[in-house]
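The values are calculated or read from the model by the stated rules, or taken from the named source; none is laboratory data. In this text the structure is predicted, and so the values were computed from the model without any measurement. So basically every Cβ, Gly included, is an ideal-geometry build from the backbone, and we count neighbours across all protein chains shown.
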Amino acid sequence: MDLRGVFYRNGPNPQFVSDERYHLFDGDGMVHAFAFTDRGVGYRNKWVRTEKFGLERAAGRSLFGGMRNRWKDPSVADRSGNVANTNVIRHGGRLLALWEAGFPIELDPQTLETRGPWDFHGRLDRAMTAHPKIDPLTGELLFFSNVFGAARELVFFRADKAGNLVETRKIPVPYPSMMHDFAVTENHVVFPVFPLTLDMERASKGLSPIAWEPGLGTRFGIMPRHGRGEVVWLRTDACFAFHFMNAFEKDGSIMLDAMVGDRIPDDAKPFQEGKDDFPTRLVRWTLDPESRTVNKEILDGTGGEMPRMDERFCGQEYRHGFFVAQSHGTRTDGLWDAIVHIDFRTKGRRVFVLPGDDVLNEACFVPKSGGGEGEGYLLTLAYRGESGTSDLLILDSLRIDKGPIAEVRIPHRIPVGFHGCWVGKED
Ligand SMILES: [Fe+2]
């Protein structure tokens, strides 16, 4: 096997839990690293030592509330609740743990020790999305800041290949919303505004600041990457997506692929788990900025999440997509036990299903050296219900239905997590 490099994965692992209203999104970030060398696979994990982590460790208890519990100890009233638990990326020679309402936190790529918040040499003045995009053609890092509050604008940033922040643009938005991810193509950036709205005035009345307001519809803002052209906003039906698989340009339109749900499960508690009544499916939107129309096509009927692809084709027309899913609706716990591979050219699909009560995480694509698009491996963590431990599974990306080609046994549990990345040996 020609896998040489490190697979990093981030996820929540709370040092202290505030109370029974703890939500998965609130847990302290822990980064797990699997190093593939000539001698085998080495494993290391460390908490991201955020300011919050340090304050709570010193106090010996929880000081910050969370999404469902907005209480904060007065001693930390002006401190950041950054948990750095959502994603981990490598760019400009830095390894960064990301959380969308705070600064990136730089880690040592070998030891995983925390170096501290990274503000791009003082040029980043606000939070950064956990889903930036690396343009494979230019090496640039594109990202946004969606200020958590009542602001009717977001900010777009571009860092060059070396990690210097070289562009900042303020973008007025139709209404303040939760924006977890976005999409880029060769010449455009697409900002999704879904009617999961933010209003801090609601919070001051003791209500959740987040609400589902389908009457507002969904808006897509299309921004030219080059030059200073205006953002064109298109409107379509209310829906919600956490994650985009990819986007690309074709015949003057933008093709936008995402895992999309028609609604949010419970208006009052928009982030409750239990995905049975909230299936998100792989959808392709065709955005035509000329006619200002949005067309929607369901590419696969399986409920799934965590879409990934061969990122060497990010922003370009592509053939292979992957996501995790629940097999045949037999599970009732909302957790994933399957991976689906879609071949957009042949419309073929392959599925891998874990046995029993085992649980899968996001599957990260790793290219085979010298291989074409989609040729390589999928890396994912599997939690084994029976033993209470986790295994790292390695699948042939184009033959996932054959099952793992190798497994790395971890003697303990790795909690269900969010996103990760592969850093090849050459990097
Ligand atoms: Fe995410």
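The set of residues in the stretch 216-246 being assigned to a strand (DSSP E or B) and more than 16 Å from the ligand (Cβ to nearest atom) consists of THR218, ARG219, PHE220, GLY221, ILE222, MET223, PRO224, VAL232, TRP233, LEU234, ARG235, THR236. The residues in the stretch 171-200 that are within 16 Å of the ligand (Cβ to nearest atom), part of a strand (DSSP E or B) and at pLDDT below 95 can be counted, and the count is 2. In the stretch 81-88 there is at least one residue that is buried (at least 21 other Cβ atoms within 10 Å of the Cβ), in contact (Cβ under 8 Å) with a residue 40 or more places away in the chain and at positive phi. Checking the structure you have, find out if any residue of the stretch 364-381 is modelled with pLDDT under 95 and not in a loop (DSSP other than H, G, I, E, B). No, every residue in the stretch 364-381 fails to be modelled with pLDDT under 95 and not in a loop (DSSP other than H, G, I, E, B).
A quick yes/no check of all residues on (1) acidic (Asp, Glu); (2) part of a strand (DSSP E or B); (3) more than 16 Å from LEU124 (Cβ to Cβ); (4) not assigned by TED's automatic domain parsing to the domain that holds MET200:
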residue: PHE34; (1), (2), (3), (4): no, yes, yes, yes
residue: ASN45; (1), (2), (3), (4): no, yes, yes, yes
residue: ARG68; (1), (2), (3), (4): no, no, yes, yes
residue: ILE89; (1), (2), (3), (4): no, yes, no, yes
residue: LEU95; (1), (2), (3), (4): no, yes, yes, yes
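All told, SER75 falls short of being crowded, with 17+ Cβ neighbours inside 10 Å, in contact (Cβ under 8 Å) with a residue 12 or more places away in the chain and away from the ligand (no atom under 16 Å from the Cβ).
Mind checking which residues of the stretch 87-124 are within 15 Å of the ligand (Cβ to nearest atom) and farther than 25 Å from THR185 by Cβ?
ALA97, TRP99, ALA101, GLY102
Considering the stretch 101-119 alone, what residues qualify as being touching a Gly at 6+ places or on another chain (Cβ under 8 Å), in a loop (DSSP other than H, G, I, E, B) and surrounded by fewer than 20 Cβ atoms within 10 Å (Cβ to Cβ)? The answer is ALA101, and nothing else. Applying the set (1) more than 16 Å from the ligand (Cβ to nearest atom); (2) under 20 Å from MET223 (Cβ atoms); (3) assigned to a loop (DSSP other than H, G, I, E, B) to ALA127 leaves exactly one unmet item: (1). Which residues, counting only those in the stretch 143-157, are more than 16 Å from the ligand (Cβ to nearest atom) and either in contact with a helix residue (DSSP H, G or I) (Cβ under 6 Å, 6 or more places away or on another chain) or free of Cβ contacts under 8 Å to residues at least 60 places away in the same chain (or both)? Of everything in the stretch 143-157, those that are more than 16 Å from the ligand (Cβ to nearest atom) and either in contact with a helix residue (DSSP H, G or I) (Cβ under 6 Å, 6 or more places away or on another chain) or free of Cβ contacts under 8 Å to residues at least 60 places away in the same chain (or both) turn out to be VAL147, GLY149, ALA150, ALA151, ARG152, GLU153, LEU154, VAL155, PHE157.
Restricted to the stretch 201-211, and to residues there that are outside any strand (DSSP E or B) and in contact (Cβ under 8 Å) with a residue 12 or more places away in the chain, the residue that is surrounded by the fewest Cβ atoms within 10 Å (Cβ to Cβ) is GLU201.
Do we find that SER62 is more than 16 Å from the ligand (Cβ to nearest atom), part of a loop (DSSP other than H, G, I, E, B), surrounded by fewer than 23 Cβ atoms within 10 Å (Cβ to Cβ) and without any contact (Cβ under 8 Å) to a residue 40 or more places away in the chain in this structure? Please lay out each step first, then the result.
On the way: more than 16 Å from the ligand (Cβ to nearest atom): yes; part of a loop (DSSP other than H, G, I, E, B): yes; surrounded by fewer than 23 Cβ atoms within 10 Å (Cβ to Cβ): yes; without any contact (Cβ under 8 Å) to a residue 40 or more places away in the chain: no.
Criteria not met by SER62.
Here is a yes/no grid of residues against (1) touching a Lys or Arg at 6+ places or on another chain (Cβ under 6 Å); (2) at pLDDT 95 or above; (3) part of a loop (DSSP other than H, G, I, E, B):
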position: VAL324; (1), (2), (3): no, yes, no
position: THR346; (1), (2), (3): no, yes, yes
position: PRO355; (1), (2), (3): no, no, yes
position: ARG413; (1), (2), (3): no, yes, yes
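When the stretch 174-229 is filtered for residues that are farther than 25 Å from ASP257 by Cβ and either of a type in the set (Gly, Ala, Ser) or under 21 Å from the mean Cα position of the chain (by Cα) (or both), the ones remaining, listed by number, are PRO176, LEU198, ALA203, SER204, GLY206, SER208, ILE210, ALA211, GLY215, GLY227. Only one of the numbered conditions (1) among the charged types (D, E, K, R); (2) under 23 Å from ASN361 (Cβ atoms); (3) not assigned by TED's automatic domain parsing to the domain that holds ASN10 is violated by ASP125, and that is (2).
The set of residues from the stretch 120-158 being surrounded by 20 or more Cβ atoms within 10 Å (Cβ to Cβ) and among the hydroxyl-bearing types (Ser, Thr, Tyr) comprises THR129, SER145. Looking at the stretch 149-157, can you tell me whether even one residue there is of a type outside the set (S, T, N, Q), out of contact with any Lys or Arg (no Cβ under 7 Å at 6 or more places or on another chain) and not in a loop (DSSP other than H, G, I, E, B)? Looking for residues that are of a type outside the set (S, T, N, Q), out of contact with any Lys or Arg (no Cβ under 7 Å at 6 or more places or on another chain) and not in a loop (DSSP other than H, G, I, E, B), one finds at least one in the stretch 149-157, hence yes.
Does GLU317 count as modelled with pLDDT of 95 or more and closer than 30 Å to VAL359 by Cα? Even if it seems obvious, please write down each step before you answer.
Numbers: modelled with pLDDT of 95 or more: yes; closer than 30 Å to VAL359 by Cα: no.
No; evaluated as a whole, the condition is false for this residue.
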